[in-house]
Structures are given as C-alpha cells and as structure tokens.
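In what follows, a single structure is set out as structure tokens and then discussed.
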Amino acid sequence: MVLKRDGSREPWERDKMVAGIRKAIVNRPVSEEQVAQVADRIESRLRRKGPEVTSQQVGVEVLQHLQRLDKVAYIRFASVYKDFQELTDFERELGALQQGGLEKRQPAKRATR
C-alpha cells in the first residue's frame with residue numbers, strides 16, 4: 001500500500017511508477033531494460049520498508065535511481081515531483097546535482113480537489 005500526501009491509501013502500482021520514469025527519460029539514451037532494472041531495484045527497496053510506504057519514499061527512491069541513471073531525466077522527474085514553480089527551483093536543483101547530492105527540499109503540498 002502507498003500512503004499518499006493527502007492521507008489516503010492506494011494499492012502499490014508498479015506501472016504507475018514506471019510511467020513516471022518513462023516520462024522522465026523521453027528522448028534520453030535509456031533503454032527499456034534499464035528502466036525495468038531500476039523499477040526492480042526500487043520495488044525491492046520499498047518492499048524491505050514494510051507493507052506500507054509513503055508516496056514521498058517512492059519519489060525519493062525514483063530520484064536517487066534517476067540521478068545515477070541520467071541527470072536530465074532526474075531533473076525532469078524532480079521538476080514534477082518537487083513541483084517546481086520558478087526558474088530558481090531548477091537552478092537550485094542543478095546546483096545540488098552538480099555538487100553530487102540530492103536537494104533535500106520536500107515537494108510542495110498540492111491542493112486537494
């Protein structure tokens with residue numbers, strides 16, 4: 001199960017995570033095999049955390065793996081996951097990426113509809 005930011009729970013959907021990774025790697029030199037391997041590793045790490053994980057834990061795992069796989073894909077995913085609103089958000093994330101670390105800023109809370 002995945003605990004969402006709004007407190008709701010939904011079943012784990014590997015396909016949903018893979019779809020987000022695929023959006024981030026569009027026109028990047030990343031193969032489907034690499035995507036599958038990353039998804040397997042993320043899923044394995046999340047399983048070890050227990051029967052329920054937060055959407056934040058899923059997002060952080062994806063970010064960590066994309067950072068190693070393809071930096072452009074990482075920035076693309078981070079821009080959606082962390083809800084970048086300004087150019088400075090990209091600049092800060094690029095700076096952290098160039099320094100070799102993940103920017104620790106949490107994703108913005110989204111308004112529920």
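List of remarks:
- Proximal charge balance of residue 45 [Cβ under 14 Å; K/R count +1, D/E count -1]: +3
- DSSP loop GluC sites (Glu not before Pro) with at most 11 other Cβ within 10 Å excluded, longest remaining stretch of the chain: 14-85
- Nearest-0.05 FRET efficiency for residue 99 and residue 64, computed from C-beta distance (R0 25 Å): 0.95
- Residue-wise HN-Hα couplings along the range 3-13, as the Karplus relation 6.51 cos²θ - 1.76 cosθ + 1.60 with θ = phi - 60° gives them from phi, are 8, 7, 4, 7, x, 6, 10, 9, x, 4, 10 Hz; Gly and Pro carry x.
- In straight-distance terms, cross-link reach from residue 82 covers every one of the aspartates and glutamates whose alpha-carbon lies under 17 Å from its own, apart from those fewer than eight places away in the same chain; here that gives 6, 61, 91, 93, 103.
- Virtual spin-label span in nm between residue 92 and residue 28, 7 Å along Cα→Cβ: 2.1
- Set against the labelled values (1) 0.95; (2) 1.60; (3) 1.25, Rg/Rh (Cα atoms, Kirkwood Rh) computed from this structure falls on (1).
Read-outs throughout are calculated quantities, based only on the coordinates presented, and are distinct from any laboratory measurement. Note that this is a predicted model, so its numbers are computed, not measured. Methodologically, a virtual Cβ is constructed for each residue, glycine included, from the backbone with ideal geometry; neighbour enumeration extends over all protein chains shown.
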